[in-house]
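The values are calculated or read from the model by the stated rules, or taken from the named source; none is laboratory data. These numbers come from a predicted model, not from an experiment. So basically every Cβ, Gly included, is an ideal-geometry build from the backbone, and we count neighbours across all protein chains shown.
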């Protein structure tokens, strides 16, 4: 069975791990994601994952409530580590070998992020979960996913959304006239202010020519379908 992408970065939002609950970690959802990832891994695709942390804590929300921004962001980074460990548990329960690497060192539970080591794990068929964001405040996990994709030479970033099947001209839940885009460039995303990723992540993707596919995680085997080259969701070309 042929695949379009050989090495991918899968970006999972924290909300995707919470499922219908909207908060916390939902074990059945983790199990479903793990089974989808296993099918992709069995095709020989090298998989790295970046987890968000919004199901537990958002740094921006903390800052809006009066917390010092850097402190709030560090708490958000720790939330992504919790999600990464939960995902690791789910993957290993279905027989997928994994490694969690964190940008903030915590030796008892995960490896520190080392680029060459991460690539070696991928070459050995292990799924690598990047947690802890970039390790610095003021940067989102969207930016982390683009940064790690550039560092490990990934072919694409797969942005799995919770119930959203692509990029629209406006919010389809509020605007019945919203139009779904099949293809875009990162420059169009920035100019149209479509909010797919924050501007830092979009600019980094554009500068490093890393394509992005936005798709609905909740439909069965969508990760597999994207990797095989099916035209689902919205494809955003990395360049201008």
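Of the conditions (1) surrounded by 14 or more Cβ atoms within 10 Å (Cβ to Cβ); (2) in contact (Cβ under 8 Å) with a residue 24 or more places away in the chain, residue 209 satisfies every one except a single condition; which number is it?
Condition (1) is where residue 209 drops out.
How many of the residues making up region 99-116 are within 14 Å of residue 77 (Cβ to Cβ) and part of a strand (DSSP E or B)?
Number of matching residues: 4.
Given region 117-207, what strands (runs of 3 or more DSSP E) lie entirely inside it while holding 3 or more residues that are in contact with a helix residue (DSSP H, G or I) (Cβ under 8 Å, 6 or more places away or on another chain)?
By residue number, 127-131, 156-161.
Here is a list: 239, 125, 166. Which entry is touching a strand residue (DSSP E or B) at 6+ places or on another chain (Cβ under 9 Å), modelled with pLDDT under 95 and on the phi > 0 side of the Ramachandran plot?
It is 166.
Return the only residue of 63, 48, 34, 79 being under 15 Å from the mean Cα position of the chain (by Cα) and more than 25 Å from residue 150 (Cβ to Cβ).
34
Which one of 160, 150, 201 is under 30 Å from residue 71 (Cα atoms), in contact (Cβ under 8 Å) with a residue 40 or more places away in the chain and surrounded by fewer than 20 Cβ atoms within 10 Å (Cβ to Cβ)?
150
For region 46-67, how many residues are outside any loop (DSSP other than H, G, I, E, B) and either in contact with a helix residue (DSSP H, G or I) (Cβ under 8 Å, 6 or more places away or on another chain) or crowded, with 23+ Cβ neighbours inside 10 Å (or both)?
So the answer is 11.
From the residues in region 221-240 that are touching a residue at least 60 places away in the same chain (Cβ under 8 Å) and part of a loop (DSSP other than H, G, I, E, B), which one is farthest from residue 42 (Cα to Cα)?
My answer is 233.
So which residues in region 20-45 are part of a helix (DSSP H, G or I) and free of Cβ contacts under 8 Å to residues at least 60 places away in the same chain, if there are any at all?
20, 21, 28, 29, 32, 35, 38
Which one of these does residue 35 not meet: (1) modelled with pLDDT of 95 or more; (2) in contact with a helix residue (DSSP H, G or I) (Cβ under 8 Å, 6 or more places away or on another chain); (3) within 25 Å of residue 18 (Cα to Cα); (4) surrounded by fewer than 19 Cβ atoms within 10 Å (Cβ to Cβ)?
Looking at each condition in turn, residue 35 falls short on (2).
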